[in-house]
Amino acid sequence: SAYIKKILEKFNMKDSYPTRTPMVVRSLIVENDPFKAWEDNEKLFGPECPYLSAIGGLMYLANSTRLDIVFAVNLIARFNSFPTERHWSGVKKIFR
């Protein structure tokens, strides 16, 4: 629990409202899927966004104690090279 508190404070998520599920429901229609690959009109996050650090912290947490978030973390980690706002929102949902 100490590590969870530490990682939530690091990413300013300690005061966020908790959710029941670690990720949004995926759609079978590719155009509506929130975890589809980035598109040309989307702005990519640069190195100023702590995306990789957040994924690393969540991976450690998922492999150590929180098996309920393993699938969601592995799904969102697929976009390490080209994270967008949609993917960062997915990381924040897992934190909640």
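The values are calculated or read from the model by the stated rules, or taken from the named source; none is laboratory data. Please read these numbers as outputs of a predicted model, since none were measured by experiment. Quick note on the areas: whole protein, heavy atoms, side chains included, nothing else; ligands and nucleic acids left out. Shrake-Rupley method; radii C 1.70, N 1.55, O 1.52, S 1.80 Å.
Applying the condition of being farther than 11 Å from Pro22 by Cα and of a type in the set (D, E, K, R) to region 67-96 and asking which residue is most open to solvent (accessible area, probe 1.4 Å) yields Arg78.
Scan (1) of a type outside the set (A, V, I, L, M, F, W, C); (2) assigned to a helix (DSSP H, G or I); (3) at pLDDT 85 or above for the single condition Lys14 breaks and write down its number. Every listed condition holds for Lys14 apart from (2).
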